Amino acid sequence: MSRRRIGCLAGLGLAVCLLLAAVSARGRLLPAAAAWLDVGQPPQPADAVFVLLGDPDTRSMTAAALVRAGWAPRVLLNTLAPTEQEKKGLVLPGHEVHRRMLLHCGVPARDIVLLDNQVRTTYDEVLGLAAYLVSRPDWRVLVVTDGPHTRRSQWILRRVLGDRASQTSLISAAVDGCRADSWWQSESGVSFVVSEYLKLGFYAVRYGTAGYVGAAVGVVLVLAWWACRRRWRRCSAPSP
Amino acid sequence: MRAIRVKLSVAALATLLVVAGHGPVLRMLTWPLVDEQPPHEAAIRCLQGSEYGAEGDPTLDESAQWCREVPGRQILLLQPWPHRVVERQIVPSFEQMVRRELTARGVSNAAIVTLRGKARDEWEEAHLLGSWLQQNPAAEVVLVCDRFHSGRMRYIFDSVLGRPLAAQVRIRPMADPDYDPAYWWRSRKGVKDVMYGWLGLAYAWGAGQQPGTPPHWTFAEYQSLLTETYGKAR
């Protein structure tokens, strides 16, 4: 049997072993995959609760509970850039739904601060928070978002706020149909967790250095493969 | 040396082809997501959506015009599971919103029928529509849904209803007004829609309908969960 064929068989065997190990350990791997995304912390006394706009059913209700419990005196909300449906008055703007939910849950109107910035993405939202905090250097902020969304939010907070990210604490809002121990049993859970991993990858490339690092690693791997192949060929060539 | 030159040329040509021909390749990526059928004359149209809106107002404009054209045409609404913002009447329900918009476009209230059943997902919607079709065996329905979810809807309806009944349901994919579906990759929303379309379709293919429905807290349940979690600040 040639050395090349032995190498192929060994690689295939290793891949099969890894696959079998992953399948047999899925009971531990799957909950760990969701738990890794959730970096929520217990609340600490703060100057404001900042709601990352998304599901008002979870995030605004959590923010209101924090204010009612006395963890912070006010809520900060970004304003969203209007969609076509919102422009035509078909549906309420997302931030307005959040504001109404906060009011409904007992947060007084004077304690809801709307930041006039027309955001589109989580990254824009954190930029909006950073701009608001420029004149408030000592403020501590509780940032509320859905549990699986906290890892990406933490990454963005660190990137945008730098050292000031330590003045923020991420609070996980519980999500309907997406529990860490059973997320793979519902379509909404799978969509949420898998899409968060994909978005983390996208953010690392779009806003971080992962694109350059990935390209550099790719070039190194191609060169290494080429060099190995040349060496292999030289070794396996019949000697004159 | 010559072999290397040939390989490099092939690689360069392949890269050029990928760069120049990325449009057709990316469009091809959405083929399984879309159930494109020739237009069909049915007397009943079915709308589905979320509490945060129907699938855009082209759906409402087109459906209203379609309903006004021939007397006796009906619009069926599949009422989704109410979110807490709807439960507390912070935003109108899907039914209230669609009725408001269709009547404003000249459709009579009597032509709009709501199938009540609080479907938690598309599988339950298919069961709901299936029960209605069994009571109305001669009816043919055109289901209007999001373009990049239409392939999944077709799969779900075929799986739940079985061949003869599923044939009574046609799918009408509607494009999102916020971007051009032929160039979906140029818009963030388009990329998200295709990503969620693939995740949903892959889950439907791989897992099918799950026996247990995921927990959905009512407003009161969620409030008590939060009070338990956060208590009072020190």
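For chain A, a simple Cβ point-charge model (Lys and Arg +1, Asp and Glu -1, everything else neutral) yields a dipole of about 1680 debye relative to the Cα centre.
Of all beta bridges that DSSP places with both ends in the protein assembly as shown, some 5 percent have antiparallel geometry. Look at the stretch A:171-183: the mean tally of other chain Cβ atoms within 10 Å of its residues' Cβ atoms is 3.
Can you find, among A:Cys178, A:Met101, A:Leu30, the residue farthest towards the positive end of the dipole of chain A? Put +1 on the C-beta of Lys and Arg, -1 on that of Asp and Glu. My answer, from the dipole projection, is A:Leu30. The simple spin-label model puts a point 7 Å past each Cα toward its Cβ; for B:Glu41 and A:Ala237 those points are separated by 7.6 nm.
Here, segment B:88-134 has an Rg and a Dmax of 12.7, 35 Å when only alpha carbons are counted. The rule of thumb for compact globular proteins, 2.2 N^0.38 Å, goes into the C-alpha radius of gyration of segment B:76-234 1.23 times.
About the centre of its Cα atoms, the protein assembly as shown shows a dipole size close to 2620 debye [charges on the beta carbon of Lys, Arg (+1) and Asp, Glu (-1) only; nearest 20 debye].
Relative to the globular-protein estimate of 2.2 N^0.38 Å, the Cα radius of gyration of the protein assembly as shown stands at 1.15. Here is how the number arises for the protein assembly as shown: DSSP H runs of 4 or more residues each give -39500 (n - 2.57), the sum is divided by the residue count, and the result at 222 nm is -16500 deg cm²/dmol. Taking the Cα centre of chain A as the origin and placing charges on Cβ (Lys, Arg +1; Asp, Glu -1), which of A:Tyr132, A:Leu115, A:Gly201 is farthest toward the positive end of the dipole? Farthest towards the positive end: A:Gly201. Packing-based ranking of B:106-112, B:6-12 yields B:106-112, B:6-12, ordered from highest to lowest mean Cβ neighbour count within 10 Å.
Loop-located GluC sites (Glu not before Pro) across segment A:86-171 with a Cβ neighbour count of 14 or fewer within 10 Å are lacking, with loop assigned by DSSP. Where both bridge residues fall in chain B, DSSP classifies roughly 5% of the beta bridges as antiparallel.
The phi-based Karplus calculation (6.51 cos²θ - 1.76 cosθ + 1.60; θ = phi - 60°) puts the 3J(HN,Hα) values of segment B:87-94 at 3, 8, 6, 7, 10, x, 6, 4 Hz, whole numbers, x for Gly and Pro.
Once the cut-off is 26 Å, how many percent of the Cα-Cα pairs in chain A end up in the long-distance tail? Tail fraction, whole percent: 52. Mind running the shape call on segment A:150-240? Use the C-alpha gyration tensor, a ≥ b ≥ c as the square roots of the eigenvalues: rounded below 1.5 for a/c, prolate if a/b tops b/c, oblate otherwise. Since a/c reaches 1.5 but b/c is at least a/b, the shape of segment A:150-240 is classed as oblate. Taking a ≥ b ≥ c as the square roots of the eigenvalues of the Cα gyration tensor, segment A:126-170 is classed as prolate, since a/c reaches at least 1.5 and a/b is larger than b/c. Tell me the relative contact order for chain B as a rounded percent, counting alpha carbon contacts under 8 Å between residues six or more apart. For chain B, the relative contact order is 24 percent. Remark: relative contact order (chain A) = 22 percent; criterion is Cα-Cα distance under 8 angstrom and separation of 6 or more residues. Annotation: amide H of B:Thr114 within the under-5 Å range of B:Leu77, sequence separation 5 or more or interchain, hydrogens built in the peptide plane. Potential lengthening of the chain between A:Glu86 and A:Asp111 amounts to 6.5 nm, from the contour at 0.36 nm per residue minus the alpha-carbon distance. Extending 7 Å from the Cα toward the beta-carbon at both A:Ala215 and A:Ile6 defines two label points whose distance is 4.0 nm. Near A:Leu52, the amide H atoms lying under 5 Å from its own belong to A:Val144; only residues 5 or more places off or on other chains count, and H is placed 1.01 Å from N. Projected label points at B:Thr114 and A:Ser135, each 7 Å from Cα along the beta carbon direction, are separated by 4.6 nanometres.
Spread over its residues, the convex hull of the C-alpha atoms of segment B:12-127 is 167 Å³ per residue.
Charging the Cβ of each Asp and Glu at -1 and of each Lys and Arg at +1, and nothing else, the dipole of segment A:148-196 about its Cα centre rounds to 320 debye.
Note on segment A:23-120: semi-axes of the ellipsoid equivalent to its C-alpha gyration tensor, largest first and rounded to whole Å, are 29, 21, 11.
Put simply, the convex hull of the Cα atoms in segment B:78-157 casts, on average, a shadow of 6.3 nm². Remark: relative contact order (segment B:121-184) = 42 percent; criterion is Cα-Cα distance under 8 angstrom and separation of 6 or more residues. Take each peptide in A:55-62, B:151-158, count the other Cβ atoms within 10 Å of every residue, and average; sorted highest first, the result is A:55-62, B:151-158. Taking a Cβ cut-off of under 13 Å around A:Asp146, the surrounding Lys, Arg, Asp and Glu residues balance to a net charge of 0, with basic ones at +1 and acidic ones at -1. Counting, for every residue in A:57-66, the Cβ atoms of other protein chains within 10 Å of its Cβ and taking the mean gives 5. Inter-chain Cβ neighbour count for B:189-196, averaged per residue, equals 2 (cutoff 10 Å, partner chain atoms only). Could you check which residue among A:Val219, A:Val51, A:Val205 shows the biggest mean-square fluctuation in a GNM of chain A with a 10 Å Cα cutoff? Greatest mean-square fluctuation among the candidates belongs to A:Val219. Karplus-based coupling profile of segment B:11-27, in residue order and whole Hz: 5, 5, 5, 5, 4, 4, 5, 5, 5, 6, x, 5, x, x, 5, 5, 5, with θ = phi - 60° in 6.51 cos²θ - 1.76 cosθ + 1.60 and x standing for Gly or Pro.
Every read-out reported here was derived from the displayed coordinates using simple, explicitly stated rules and does not represent laboratory data. On a predicted model such as this, the values are computed, not experimentally measured, just so you know. Every residue, glycine as well, gets a Cβ built from its backbone with ideal geometry; the counts of neighbours run over all protein chains shown.
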